[in-house]
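J.: Sending over a structure as structure tokens; questions will come in a sec.
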């Protein structure tokens, strides 16, 4: 069994790029193969440094949801740091566009999706006490620590984790646009808590215990270092900002444990201790630019 996902993030109210994406999918004959759309935050440009967002922000947010609905697919999104405060509420679904924040949804037998929005402090790598991008909400890191393990413990199958920020110390969260600049302006945009959680949920050695569930962590937030990374056998994907015309197409395949052990020695050895008979693994990943 296979499933194909359209991954977008950091739209920042570029309604024109959502429409360009829809036309691209039709012109390239790719729309029919998409099973689900995942949006990993920052749908609009709300000023997260102010206590409350405006009605204009909320209206623009609804416009983005309507544009995403026109894709004609099941859309799952989480709020980022530039989205209205109301987007962190369960009531912000709109038709086929579902708010995944603090939720678990079973997509298909053996595979669920779990989402949690918000951002943590982005800090200078050479001066971690210097906050470049403040967290939103301000307690997001503690919420990750409190909520994510409990949510993951409720999932008894493989899971896709959708967050706005990715794990710390990963290529897709390392914002290093000018590596030779002095003093360094490199920013660590990832969450230490997400990294710790993924390390406990991914096979990092062939002798890892059989409690590994997170197939892929899909995130956004850090615009510049889009791409693919990994922690053990958990893939980390940052599709890049749709604001700038970037998006990804992800394919996952369900495979039988015995087949994996026999045909893919490098990956199979990480799963030999698992009690599961089947696994979802990354089959393919494409990065595109409109």
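J.: Compute the distance in nm between two label points, each set 7 Å from the Cα along the Cα-to-Cβ direction, one at residue 199 and one at residue 70.
T.: Result for the modelled spin labels: 4.5 nm.
J.: Let me know the shape class of region 2-289, please: from the alpha-carbon gyration tensor, a ≥ b ≥ c as square roots of the eigenvalues, rounded when a/c is under 1.5, otherwise prolate if a/b is greater than b/c, or oblate.
T.: Judged from the Cα gyration tensor, region 2-289 comes out oblate (a/c at least 1.5, b/c at or above a/b).
J.: Tell me, in nm to one decimal, what length is gained between residue 156 and residue 185 on full extension, where the rule is 0.36 nm per residue of separation less the Cα-Cα distance?
T.: Working: separation 29, 0.36 × 29 = 10.44 nm, distance 4.17 nm.
Between residue 156 and residue 185, full extension yields an extra 6.3 nm.
J.: Once you have the Cα-Cα distance between residue 62 and residue 22, take 0.36 nm times their residue separation minus that, and quote the gain in nm to one decimal.
T.: 12.6 nm
J.: Distance from the Cα centre of region 7-55 to that of region 235-254, in angstrom?
T.: Their Cα centres are 12 Å away from one another.
J.: Ranking request for peptides 31-43, 242-254: highest mean number of other beta-carbon atoms within 10 Å first, then the rest in descending order.
T.: Result, highest mean first: 31-43, 242-254.
J.: Modelled label-to-label distance, residue 272 and residue 169, 7 Å Cα→beta-carbon offset: nm?
T.: So the label points at residue 272 and residue 169 sit 2.7 nm apart.
J.: Classify region 200-290: rounded, prolate or oblate, from the alpha-carbon gyration tensor (a ≥ b ≥ c, eigenvalue square roots; a/c under 1.5 rounded; otherwise prolate if a/b is larger than b/c)?
T.: Since a/c reaches 1.5 and a/b is larger than b/c, the shape of region 200-290 is classed as prolate.
J.: Extending each Cα 7 Å along its Cβ direction at residue 287 and residue 253, get the distance between those two points in nm, one decimal.
T.: In this crude spin-label approximation the distance works out to 2.3 nm.
J.: At a 10 angstrom cut-off on C-beta neighbours, averaged per residue, how do the peptides 280-287, 187-194 rank from highest to lowest?
T.: Peptide ranking by packing, descending: 187-194, 280-287.
J.: Quickly estimate the mean residue ellipticity at 222 nm for the chain, helices only: each DSSP H run with n ≥ 4 gives -39500 (n - 2.57), and the total goes over all residues, rounded to 500.
T.: One gets -6500 deg cm²/dmol as the mean residue ellipticity at 222 nm.
J.: Something else: Order the peptides 102-112, 78-88 from the highest to the lowest mean number of other Cβ atoms within 10 Å of their residues.
T.: Per-residue Cβ counts within 10 Å, averaged per peptide and sorted highest first, yield 78-88, 102-112.
Computed from the coordinates by the stated procedures, all read-outs in this text should not be read as laboratory data. Keep in mind it's a predicted model, so treat the numbers as computed, not measured. Virtual Cβ from ideal backbone geometry, glycine too; neighbours counted across all protein chains shown.
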